[in-house]
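Worksheet for the structure shown next.
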Amino acid sequence: MSVTILIGAQWGDEGKGRFVDWLAADAQIVARYSGGDNAGHTVADGERVYKLHLIPSGVLRDGVVSVMGNGMVINPISLLKEIDELTAVGVNITPENLLISNRAHIITPSHIARDKASEKSRGNDPIGTTLRGIGPAYLDKTGRQGIRIGQMLDVETFAEAMRASTERANAELVNLNAAPLNPDADLQAYVEAAYRLRPFIKDTSLYLHQQLQAGAQVICEGAQGALLDIDHGSYPYVTSSSPTVGGALSGLGIGPLHVTRVMGVAKAFATRVGGGPMPTEQKNEIGDRLRGTGTNYWDEYGTTTGRPRRCGWLDLVMLRYTAAINGFSDIAVTKLDILSGFDELKVCVAYEYDGERLGYPPDTTERQDRVTPIYDTLPGWQENLSGARTLTDLPPQARAYLQKIEQEVGLPIKAVSVGPEREQLVRLA
Ligand code: IMP
């Protein structure tokens, strides 16, 4: 029995999905613990590219059970769309290989309307949310007026709860100068969704407990990234859940003594979507080059929203911080191949703040906005890395880049991705 927790070590979009898919080859269960359809996980398998928003990446492996944990907020309409799209391309999804926690919360149309209205009301200072209703759904959950997936088992009370939730939301929408919603408008679609999803609903924490007792290997799939954590991120420019290690345990209902590995997944450079500090951002041709033109699906444009991502040099101060708050045991690095062709590469090793050199980010968003990155410059490489499968296939400059990360963060790198395909991986140790 063992649990591996996979965590995004930056601001999300690190490429966690492909590492979950890789680790899932030796696991029985992949369990997602937080967020909703604000996430976008891309897994490529030959000709086919799967874009997952809600369903854990384990669903692409035969014999693996996917669990959607209690820490998630789930839009049932988006979920059914995803199930239908995956089924249409031959992915087998049944109540035997997909289990949805009865304690997860539901995203309703009024959560989406509230998200949009709230962003609009912030004028020139929006959070830059994905407008999927994530924040309002977690707000209702902690305000003890959310609707849990388990309520779908009693369709009559579910419909009443949906109607009451829209009526409550309407008062807030009017306050925010947004149009109120008709409580009956989407009810039928939600009731139909309840009938379809009922067979998938389970007490997943009890299931996980029993499977762990029976010796199962479980991979916990994170969404978003540690720097978007509601507590540990640059508040308020964060998501409304805990995409950090504690969120994995509470978002699935499992204990820490099962955990044998906490893998941080970090992109070889920095990206961020939405507002908030990003000290190494390059608003110039370097950022443009890292972003790509958008013609490839792996270019830096949101999988969920299509928004161009902010891009910059690798920030090892932030990585040191996420390693500390999560207790990473090791790191996986993604998209090293994208750095080919630069004459030199910069990595941020410290910040300067008020004349002081800092090895960790300062503790407030305002201070993080005012730091100046201190860079080390490393030689670049020109070789195409896409065919590399072992460390010795990488040019010495690429190996030196990885070594620099290991030294600065104090953790071993166990795998490096050099292209979007499943097999485009360099495994270390
Ligand atoms: P929300 O999660 O939609 O409320 O968005 C809050 C912040 O988190 C915004 O800055 C979003 O851009 C960011 N965010 C949410 N999900 C993701 C993700 O999967 N990848 C990257 N950023 C995300």
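Among the residues of the range 10-25, is any within 13 Å of the ligand (Cβ to nearest atom), crowded, with 21+ Cβ neighbours inside 10 Å and part of a helix (DSSP H, G or I)?
Within the range 10-25, one or more residues are within 13 Å of the ligand (Cβ to nearest atom), crowded, with 21+ Cβ neighbours inside 10 Å and part of a helix (DSSP H, G or I).
Check off (1) buried (at least 21 other Cβ atoms within 10 Å of the Cβ); (2) within 16 Å of the ligand (Cβ to nearest atom) for residue 147 and give me the number that stays unchecked.
Exception for residue 147: condition (2).
Among the residues of the range 112-127, are any within 15 Å of the ligand (Cβ to nearest atom) and under 27 Å from residue 31 (Cα atoms)? Before you say what the answer is, go through the steps one by one.
Of the residues in the range 112-127, the ones within 15 Å of the ligand (Cβ to nearest atom) are 112-122, 125-127.
Subsequent filtering for residues that are under 27 Å from residue 31 (Cα atoms) retains 112, 115.
Checked against the condition, which is being within 15 Å of the ligand (Cβ to nearest atom) and under 27 Å from residue 31 (Cα atoms), the range 112-127 yields at least one hit.
Evaluate the range 259-273: report whether one residue or more is at pLDDT 95 or above, in contact with a helix residue (DSSP H, G or I) (Cβ under 6 Å, 6 or more places away or on another chain), polar (S, T, N, Q) and within 14 Å of the ligand (Cβ to nearest atom).
Scanning the range 259-273 turns up no residue that is at pLDDT 95 or above, in contact with a helix residue (DSSP H, G or I) (Cβ under 6 Å, 6 or more places away or on another chain), polar (S, T, N, Q) and within 14 Å of the ligand (Cβ to nearest atom).
Report, ordered by the first and then the second residue, all pairs with beta carbons closer than 8 Å, sequence separation of six or more or different chains, a first member in the range 225-250 that is on the phi > 0 side of the Ramachandran plot and free of Cβ contacts under 8 Å to residues at least 40 places away in the same chain, and a second member that is in a loop (DSSP other than H, G, I, E, B) and more than 11 Å from the ligand (Cβ to nearest atom).
That search, which allows pairs on different chains as well, returns nothing.
In the range 27-46, which residues are more than 15 Å from the ligand (Cβ to nearest atom) and among the aliphatic types (A, V, I, L, M)?
Scanning the range 27-46 gives 27, 29, 30, 31, 44.
Within the range 61-74, can one find any residue that is among the charged types (D, E, K, R), under 28 Å from residue 159 (Cβ atoms), in the same structural domain as residue 273 (by TED's automatic domain parsing) and over 19 Å from the mean Cα position of the chain (by Cα)? Can you show your working first?
Residues of the range 61-74 that are among the charged types (D, E, K, R), as a first pass: 61-62.
Next, only the ones that are under 28 Å from residue 159 (Cβ atoms) stay: none.
No, the range 61-74 contains no residue that is among the charged types (D, E, K, R), under 28 Å from residue 159 (Cβ atoms), in the same structural domain as residue 273 (by TED's automatic domain parsing) and over 19 Å from the mean Cα position of the chain (by Cα).
Condition first: in contact (Cβ under 8 Å) with a residue 12 or more places away in the chain and either open to solvent by 100 Å² or more (accessible area, probe 1.4 Å) or outside the structural domain of residue 278 (by TED's automatic domain parsing) (or both). Now tell me which residues in the range 355-368 satisfy that. First the steps, then the outcome.
Keep residues of the range 355-368 that are in contact (Cβ under 8 Å) with a residue 12 or more places away in the chain, which gives 357-361, 365, 367-368.
Listed by number, the residues that qualify are 357, 360.
Give the range 106-125 a look and list any residue that's among the hydrophobic types (A, V, I, L, M, F, W, C) and in contact (Cβ under 8 Å) with a residue 40 or more places away in the chain, or say none.
Residues satisfying the conditions are 106, 107, 113, 117.
Take the conditions out of contact with any His (no Cβ under 6 Å at 6 or more places or on another chain) and crowded, with 24+ Cβ neighbours inside 10 Å and apply them to residue 3. Does it pass?
Values: out of contact with any His (no Cβ under 6 Å at 6 or more places or on another chain): no; crowded, with 24+ Cβ neighbours inside 10 Å: yes.
Spelling it out, it is not the case that residue 3 is out of contact with any His (no Cβ under 6 Å at 6 or more places or on another chain) and crowded, with 24+ Cβ neighbours inside 10 Å.
Having 1 or more residues that are aromatic (Phe, Trp, Tyr) and more than 22 Å from residue 189 (Cβ to Cβ) is the bar; report the helices (runs of 4 or more DSSP H) wholly within the range 42-148 that clear it.
Values: elements: 76-88, 109-121, 134-142.
Answer list for the range 42-148: 134-142.
Any residue that is within 20 Å of the chain's Cα centre (by Cα), more than 16 Å from the ligand (Cβ to nearest atom), in a helix (DSSP H, G or I) and closer than 18 Å to residue 56 by Cβ - is there at least one of those in the range 209-220?
For the range 209-220, residues within 20 Å of the chain's Cα centre (by Cα), more than 16 Å from the ligand (Cβ to nearest atom), in a helix (DSSP H, G or I) and closer than 18 Å to residue 56 by Cβ: absent.
Being outside any loop (DSSP other than H, G, I, E, B) and either of a type outside the set (Phe, Trp, Tyr) or within 12 Å of the ligand (Cβ to nearest atom) (or both): is that true of residue 206 here?
yes
Residues checked against (1) at pLDDT below 95; (2) surrounded by fewer than 24 Cβ atoms within 10 Å (Cβ to Cβ); (3) within 14 Å of the ligand (Cβ to nearest atom):
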residue	(1), (2), (3)
230	no, yes, yes
249	no, yes, no
277	no, yes, yes
299	yes, yes, no
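I'd like to know if the range 235-247 contains one or more residues that are away from the ligand (no atom under 16 Å from the Cβ), within 21 Å of the chain's Cα centre (by Cα) and under 21 Å from residue 98 (Cα atoms). Quick ask: steps written out before the conclusion?
Narrowing the range 235-247 to residues away from the ligand (no atom under 16 Å from the Cβ): 245-246.
Then keep just the ones that are within 21 Å of the chain's Cα centre (by Cα); that gives 245-246.
Those still in the list that are under 21 Å from residue 98 (Cα atoms) too: none.
No: the range 235-247 contains no residue that is away from the ligand (no atom under 16 Å from the Cβ), within 21 Å of the chain's Cα centre (by Cα) and under 21 Å from residue 98 (Cα atoms).
The values are calculated or read from the model by the stated rules, or taken from the named source; none is laboratory data. All figures in this text were calculated on a predicted structure; none of them were measured in a lab. Reconstructed Cβ throughout: ideal geometry from the backbone, glycine too, with neighbour counts over all protein chains shown. Areas reflect the complete protein model, heavy atoms only, side chains present, ligands, DNA and RNA absent. Shrake-Rupley method; radii C 1.70, N 1.55, O 1.52, S 1.80 Å.
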